[in-house]
1. What residue, of Ser70, Ser83, is under 29 Å from Tyr188 (Cα atoms), modelled with pLDDT of 95 or more and polar (S, T, N, Q)?
2. Write out, first by first residue and then by second, each pair whose Cβ atoms fall under 6 Å of each other, whose residues are 6+ apart or on separate chains, and whose first residue, in segment 54-65, is assigned by TED's automatic domain parsing to the domain that holds Ile310 and without any contact (Cβ under 8 Å) to a residue 40 or more places away in the chain while the second is among the basic types (Lys, Arg) and outside any loop (DSSP other than H, G, I, E, B).
3. Looking at segment 65-73, is at least one residue over 27 Å from Gln236 (Cα atoms), crowded, with 18+ Cβ neighbours inside 10 Å and of a type in the set (Gly, Ala, Ser)?
4. Anything in segment 189-203 that is within 25 Å of the chain's Cα centre (by Cα) and under 14 Å from Phe251 (Cβ atoms)? List them, or say none.
5. Please tell me if Gly228 is over 30 Å from Ile130 (Cβ atoms), touching a residue at least 24 places away in the same chain (Cβ under 8 Å), in the same structural domain as Ser90 (by TED's automatic domain parsing) and assigned to a helix (DSSP H, G or I).
6. Against the condition closer than 30 Å to Pro346 by Cβ and aromatic (Phe, Trp, Tyr), how does Phe279 come out, does it pass?
7. So, in segment 270-297, how many residues would count as being in contact (Cβ under 8 Å) with a residue 60 or more places away in the chain and part of a loop (DSSP other than H, G, I, E, B)?
8. Going by the conditions given, is Val98 surrounded by 18 or more Cβ atoms within 10 Å (Cβ to Cβ) and of a type in the set (Val, Ile, Thr)?
Amino acid sequence: MSAVSGTTVLLLGDVLPASAASNPALASQKPYLAGLDALRAVAALSVCLYHCTGGMLPKLLVPTVKQAFSYGYLGVDIFFVISGFIIPYSLIGKNYQVTGLFGYLKKRIVRITLPAYVSLLLIITQWYVIDLFINHNMRYTGALSLAQVVHNLLFTVPFTHYGWISTLFWTLAIEFQFYLFIGLFFNYLFNRSPLWLVGIYGLVAVAGQFPALQAMGFLRYSTLFALGSLALLWQQQRLLPLTYACALTVFFGLAYWQLGLYAALLGVGTALAINAINFRIPVLSALGKMSYSLYLVHGIVATTAEFILIKVLPPTTDTQKLLLLIACLLLAIAGAYLFYIGVEKPFLRLANQSRRQAT
C-alpha cells in the first residue's frame, strides 16, 4: 500500500482511511474486487459452452462449433485459481485460528454444498421422469443406489468404486479438499514469510504424483490454487515485483508439469487478471454473481430445453441446430438466474448469518 494525503490506497483503486491498517475492524471491510465477477462469468460460460456444444446436446451437435469451444473445460481451472485467492482472502483480518475450523467449514458447507444438493436432486428427478415417461434404450436410474447417492453427497466418490451422478461434483470434491487444507494451514501460508506458502504448496504438488494419493484431486490441481494465493499475497503487498514474478514462474512450471501448457498459461493469466481488472463490466458482473448457479444447473436446463425444442422445431440443417443451441444456452442462463434467486441467495444469506453468529 502507498500513503497519499493521509489515506491508504489499495491495489484495486479503493481508498480506506490510513487507520485501517492498524484497525482489524476496518481491515476486515475488504474492497470490492471487480475482476472476480468477470472471471467467474468467463469460467462458468466456458464450461457451459464446452458441455452444450461438445455432446451434451447430441441432437444439436455442430462439429465446427464443437471445435471452437473444445477448450472450454479450462474454465474449471479459472475457478480453482479464484478459489485459491478468495477463500484465504475471506479469512484475512479475522484473526482466524485452526480452533475455528468447524465454523469456517460450516459456512462453506451452507454456501456451496446445499445448493449443490438441490441441483443433485433436480438431476435425479430428471432421470426418474425420463425413465417413467420417455421411451429409450437405457434406464438412467437402473444402477442408482443409496450408497452411490451418499458418496456423492459426501464428495467421497474418488475413494470408492461408484461414479458421479453429476459430472460437476468432481470439482466440488476438490474444492472441499482445498477448503480443509486452507482451514488447517492458513496461518502457515498467510501469516508467515511467503516462503512458507511456496514451500508448502510445492510439497503438495510433489505429493500429488504419488499413486497412493491420487484420489485426493486437490493435490493434482494444487498449483492452480497456489497461483491464486500468490495473487492474494501480491494484493496484500506482501511480495516485491521480482519475488512475485519468480514465484509465478515456479508455479507456472509446476502447473505445466501437473496439468499441461494451456492450464499453466491460463492459471498465471487468471492470477494476474484478478488484480489487473479493476473496473466493473456490467454484463459479466451480473453473470459472475450467479456463476455458481449457472455452473450447477446449465446441464439440467439445457438438456430439458433440447428435448422440448426439437419436438417443436426439428432441426434439419446446421444453422437450425445452431439457433436452437443458442436458445438452449439462453434458457440455461434464465434457469440459472431463477436458481440463484430461489436457491443460492437464501443459502448465501444463511451462510452469512452463521458467520456473524460465530464471530
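1. Values: Ser70 fails: under 29 Å from Tyr188 (Cα atoms).
Residue meeting the stated conditions: Ser83.
2. Gly54/Lys66
3. Of all residues in segment 65-73, those over 27 Å from Gln236 (Cα atoms) come to 65-73.
Within this subset, residues satisfying the condition of being crowded, with 18+ Cβ neighbours inside 10 Å are 65, 69, 72.
Those left that are additionally of a type in the set (Gly, Ala, Ser): 72.
Within segment 65-73 (the criterion being over 27 Å from Gln236 (Cα atoms), crowded, with 18+ Cβ neighbours inside 10 Å and of a type in the set (Gly, Ala, Ser)), the answer is yes, since at least one residue qualifies.
4. Passing the criteria: Leu189, Pro194, Leu197, Val198, Gly199, Ile200, Tyr201, Gly202, Leu203.
5. On the way: over 30 Å from Ile130 (Cβ atoms): yes; touching a residue at least 24 places away in the same chain (Cβ under 8 Å): yes; in the same structural domain as Ser90 (by TED's automatic domain parsing): yes; assigned to a helix (DSSP H, G or I): yes.
For Gly228, the condition - over 30 Å from Ile130 (Cβ atoms), touching a residue at least 24 places away in the same chain (Cβ under 8 Å), in the same structural domain as Ser90 (by TED's automatic domain parsing) and assigned to a helix (DSSP H, G or I) - is met.
6. Numbers: closer than 30 Å to Pro346 by Cβ: no; aromatic (Phe, Trp, Tyr): yes.
Taking the combined requirement at face value, the residue does not satisfy it.
7. 5
8. Numbers: surrounded by 18 or more Cβ atoms within 10 Å (Cβ to Cβ): no; of a type in the set (Val, Ile, Thr): yes.
Judged against the criteria, Val98 is not a match.
The values are calculated or read from the model by the stated rules, or taken from the named source; none is laboratory data. Keep in mind the model is a prediction, meaning the values are calculated, not measured. Cβ atoms come from the backbone with ideal geometry, glycine included; neighbour counts cover every protein chain shown.
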